[in-house]
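The structure appears below as structure tokens.
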Amino acid sequence: MTEKRAQFATRLGVIATTVGSAVGLGNIWRFPYEAGVHGGGAFLLIDLFFVFVVGIPVVCAEFIIGRHTGLNVRGAFKALAPKRAWGVVGYMGLLSSILILSFYSVVAGWTMKYIALSLSDFDGINTVEGLHGQFDRFASSDWSPLVCTLLFLLANYLILARGVQKGIERMSNIMMPLLFVILAVFCVNSLMMPGAADGLKFLFSPDFSQVTPSVMIEAMGQAFFSLSLGLGCLITYSSYFRKETPLLRTAGTMAALDTLVAILAGVIIFPAVFTFGLQPEAGPRLVFEILPSVFCRMPGTMLWSTLFFVLLFVASLSSTISMSEICISYLTDELGMSRRKATVINIAVAMVLGSLCALSFGSLSGWKIFGMTLFNLFDYVSSNILLPLGGLLISLFVGWVLDRAVVRRELSPDGTRRGLLGARIVVFCLRYIAPVCIATVFVFGLGIVSL
Ligand code: PHE
Ligand code: NA
């Protein structure tokens, strides 16, 4: 390869793209519904534990691998550990990326439908009951969700085909600041509702009676999913970082902003849930069912509702392009394909699998594997199993196998006291804390050993 590897142009670009990858449906759709099902505050606390104790060190580990090698997820392990079983981490990452992209695009497709619905004032229906039926009717119909999924993937293609700087980076620079502004506006609005106190109590006061080993699995999976962690997404993005990008600080900023957005989403949704006497345990339909009924009772329904679903759409798009980039950089680096061809292949596969996921709320809802529809299976297997397993292997690899000098140089290039201390802490977490936590949750949570 003679062509020079793409790089993100600016420091803002680095933050906007990594935060863009992290912040998405995981925060605004998945976190509130998981927290709603699993007891609110307790789920949040366990999630925070995994983000800070396991997540941040593993984010650093991915950054080290990616920037040091400047390669895709498969190529990086091939370069660092030739002829060893570590290569499996690369293939697992590629598989997870495509599974996640498939079911994620369905939900992202729903956001497009809801933008259209908002603009048409929800077809004039505006009672809570009426809207309830509306989501179910839409999600279980045959064509509409399918077409939305395909359209969403097409939008991905249009951005990805423009390349790393002109496509991914430029889009993120515009969308991320916009997203934070919209979120702030919604938070203020939500805090003024009569149910605000109950909502905040649900989100912030932990009730540990709800916590079982399987809730631990879900919370760990949520932390990995939300940080885009364990599948080489961050290896891929950091292969576009410059030598000057501070890895520790970038990891900290990304994890902090990602967590902030999840909490803000909770602050937006739960006060509304309690204000309108709805149930927090609604599951995946929570955001799509509850928020529209909130918007319908606010002055300026169309504006609020459109704004919210545009926010969700934008957040999804900056995440899915990072999922696709895992495969695209693999196909271009390792198999020598053109960027265009690699993008077409990735999006085409996602279109096929995504269509099946889209139908799994309707015609294919009877197709069950291990008692789960395809949509749920893809989510469960990738988030709760493949990502933490990938994270476990990545942390063992950087903690025990990778040359310590490389780790030190990447985390603290100019060898300041603070930098070296940071590097020591990260390595300690990667060697002992993260692997032990992940393995323990697996052993108990998957019922390998039961208490
Ligand atoms: N982190 C993204 C979110 O929270 C989802 C994601 C997972 C993105 C894996 C990339 C890779 O929505
Ligand atoms: Na996230």
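The values are calculated or read from the model by the stated rules, or taken from the named source; none is laboratory data. Quick caveat: nothing in here was measured; it's all calculated off a predicted structure. Virtual Cβ from ideal backbone geometry, glycine too; neighbours counted across all protein chains shown.
Output the residue which, of all residues in region 35-63 that are under 21 Å from Phe241 (Cβ atoms) and more than 12 Å from ligand 1 (Cβ to nearest atom), is surrounded by the fewest Cβ atoms within 10 Å (Cβ to Cβ).
Here the answer is Ile56.
Counting just the residues of region 8-25 that are at pLDDT 85 or above and part of a loop (DSSP other than H, G, I, E, B), which one comes out nearest to ligand 1 (Cβ to nearest atom)?
Gly24
Name every residue in region 268-283 that is under 18 Å from Gly41 (Cβ atoms) and either surrounded by fewer than 16 Cβ atoms within 10 Å (Cβ to Cβ) or among the aromatic types (Phe, Trp, Tyr) (or both), in order of residue number.
Phe270, Phe274, Gln279, Glu281
Determine if region 338-359 includes at least one residue that is loosely packed, with under 15 Cβ neighbours inside 10 Å and farther than 25 Å from Tyr91 by Cα.
no
Which numbered condition trips up Ile168, out of (1) assigned to a helix (DSSP H, G or I); (2) under 25 Å from Ser382 (Cα atoms); (3) modelled with pLDDT of 90 or more?
Against the list (1) assigned to a helix (DSSP H, G or I); (2) under 25 Å from Ser382 (Cα atoms); (3) modelled with pLDDT of 90 or more, Ile168 comes up short only on (3).
Results for (1) away from ligand 2 (no atom under 16 Å from the Cβ); (2) of a type in the set (A, V, I, L, M); (3) buried (at least 24 other Cβ atoms within 10 Å of the Cβ), shown as yes or no for each residue.
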site: Arg249; (1), (2), (3): yes, no, no
site: Gly252; (1), (2), (3): no, no, no
site: Leu260; (1), (2), (3): no, yes, no
site: Gly266; (1), (2), (3): no, no, yes
site: Arg285; (1), (2), (3): yes, no, no
site: Glu289; (1), (2), (3): yes, no, no
site: Trp304; (1), (2), (3): yes, no, no
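Only one of Asp136, Asp142 is in contact with a Leu (Cβ under 9 Å, 6 or more places away or on another chain) and either at pLDDT below 90 or surrounded by 18 or more Cβ atoms within 10 Å (Cβ to Cβ) (or both). Can you tell me which?
Asp142
When only residues in region 13-34 that are surrounded by 24 or more Cβ atoms within 10 Å (Cβ to Cβ) and among the aromatic types (Phe, Trp, Tyr) count, which is farthest from Ala262 (Cα to Cα)?
Ranking the qualifying residues of region 13-34, first place goes to Trp29.
Suppose we filter region 182-198 for residues that are surrounded by 12 or more Cβ atoms within 10 Å (Cβ to Cβ) and either closer than 25 Å to Val314 by Cβ or among the basic types (Lys, Arg) (or both); how many remain? Write out each step before concluding.
First, the residues of region 182-198 that are surrounded by 12 or more Cβ atoms within 10 Å (Cβ to Cβ): 182-183, 185-187, 189-191, 193, 195-198.
Of the ones still in play, those that are also either closer than 25 Å to Val314 by Cβ or among the basic types (Lys, Arg) (or both) are 182-183, 185-187, 189-191, 193.
Residues that pass the stated criteria total 9.
Does Ala22 meet the test of being over 19 Å from the mean Cα position of the chain (by Cα), in contact (Cβ under 8 Å) with a residue 24 or more places away in the chain and under 17 Å from Gly230 (Cβ atoms)?
No, not satisfied.
Are any of the residues in region 401-411 touching a residue at least 12 places away in the same chain (Cβ under 8 Å), of a type outside the set (S, T, N, Q), within 30 Å of Tyr33 (Cβ to Cβ) and assigned to a helix (DSSP H, G or I)?
no
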